[in-house]
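Below: one structure, written as structure tokens.
FYI, it's all coordinate maths here, none of it is from the lab. The structure displayed is predicted, hence computed values, not measured ones. As a convention, Cβ positions derive from the backbone with ideal geometry for all residues, glycine included, and neighbour counts pool all protein chains shown.
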Amino acid sequence: MLHDNTQALARYNSLFNNQHYQAIAAQLAIGLRTERDSMRVSDICNMITDTALSLCQHSHYADAWIKLATICGQNAVSIVAIDMIYNYLLIYQQSADTRADDFQMTAKCLLKAYESADTLRAAVSCANAVHGWRGRMAYDLLSAADYLTQTAVQLLSDGNQSYIREKLQHGIRRITGALHEGLRHSKRPNMFNFSDTHFPSEQDRV
């Protein structure tokens, strides 16, 4: 393994493009509205290096791309910067490896999910003030969307699975509550009858 990691480091050094790397750092500083030498920029740049090493098959950084995507999403790193990082990582990505591609799409997904959070919660608050069963149903559905978005964020960030389950369960309960409103008050209750829906269990792992 030590020999493999030595080879990985040698490959990284042979492919390293300082001009590209510095351009990314400069773009990050602009997007984050901070200094080039700030801790925020340095942390992301260090994770870029870790991810590049992982793409060179260094065993110490296998999941680096997930951490990089997560920190990009949490810090609202721009699409422009994400694409620059992606193109840089392609220098190191080898045939049949998809981690650079997965980084790019995960980072963008997290960015958009975080961007939508405040808007979605504002919609939840507004729906809560609408009188009648339609308002209550809309509130439950929008709340479910919020919980399910949080679930997706945690899933893509490789979060704690107990926490993921908790958020998912809250979302399902909100959907169930919404269906109850439709069944009880709609003139066409059959449109909200999903009693034949099957949820998978451990027995479905085939």
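Placing +1 at every Lys and Arg Cβ and -1 at every Asp and Glu Cβ, with all other atoms neutral, what dipole size does the range 128-193 have around its Cα centre, in debye to the nearest 20?
380 debye
Counting alpha carbon pairs within less than 8 Å and at least 6 residues apart, what relative contact order, in whole percent, applies to the chain?
15 percent
Using the number of other C-beta atoms within 10 angstrom as an exposure proxy, rank K67, K187 with the fewest first.
Ascending Cβ contact count within 10 Å gives the list K187, K67.
Report the charge-dipole magnitude of the range 28-184 in Debye, nearest 20, computed about the Cα centre from +1 at each Lys and Arg Cβ and -1 at each Asp and Glu Cβ.
Once rounded to the nearest 20, the dipole reads 700 debye.
What's the ranking of 73-86, 7-20 by average number of surrounding C-beta atoms within 10 Å, highest first?
73-86, 7-20
Round to the nearest 10 and give me the degree value, 0 to 90, for the angle of helix 79-90's Cα axis relative to the longest principal axis of the chain.
Orientation of helix 79-90: about 50 degrees from the principal axis.
So what's the gap between the Cα centers of the range 1-34 and the range 69-112, to the nearest angstrom?
That distance is 14 Å.
Extending each Cα 7 Å along its Cβ direction at V80 and L183, get the distance between those two points in nm, one decimal.
Calculated label separation equals 5.2 nm.
Treat every Asp and Glu Cβ in the range 2-110 as -1 and every Lys and Arg Cβ as +1, leave all other atoms uncharged, and give the resulting dipole magnitude about the Cα centre to the nearest 20 debye.
200 debye
Could you point to the residue in A178, S14, V206 farthest towards the positive end of the chain's charge dipole, with +1 and -1 charges on the Cβ of Lys/Arg and Asp/Glu respectively?
Checked the options; the winner is A178.
Compute the angle between helix 99-127 and the longest alpha-carbon principal axis of the chain, please, reported from 0 to 90 degrees and rounded to the nearest 10.
Approximately 30 degrees, to the nearest 10.
Arranged from highest to lowest average of other beta-carbon atoms within 10 Å per residue, in what order do the peptides 162-168, 136-142 appear?
136-142, 162-168
Using only the Cα atoms of the range 2-110, build the gyration tensor, take square roots of its eigenvalues as a ≥ b ≥ c, and label the shape rounded, prolate or oblate: rounded if a/c is under 1.5, else prolate if a/b is larger than b/c, else oblate.
On the way: a/c = 1.90, a/b = 1.50, b/c = 1.26.
The shape class here is prolate.
Lys/Arg Cβ at +1, Asp/Glu Cβ at -1, dipole of the range 128-193 taken about the Cα centre: which of L155, A144, P189 is farthest positive-ward?
Checking the options against the dipole of the range 128-193, the answer is P189.
May I ask for the angle, rounded to the nearest 10°, between helix 133-156 and the longest principal axis of the chain, with both axes built from Cα atoms and the value confined to 0 to 90°?
The answer is roughly 20 degrees.
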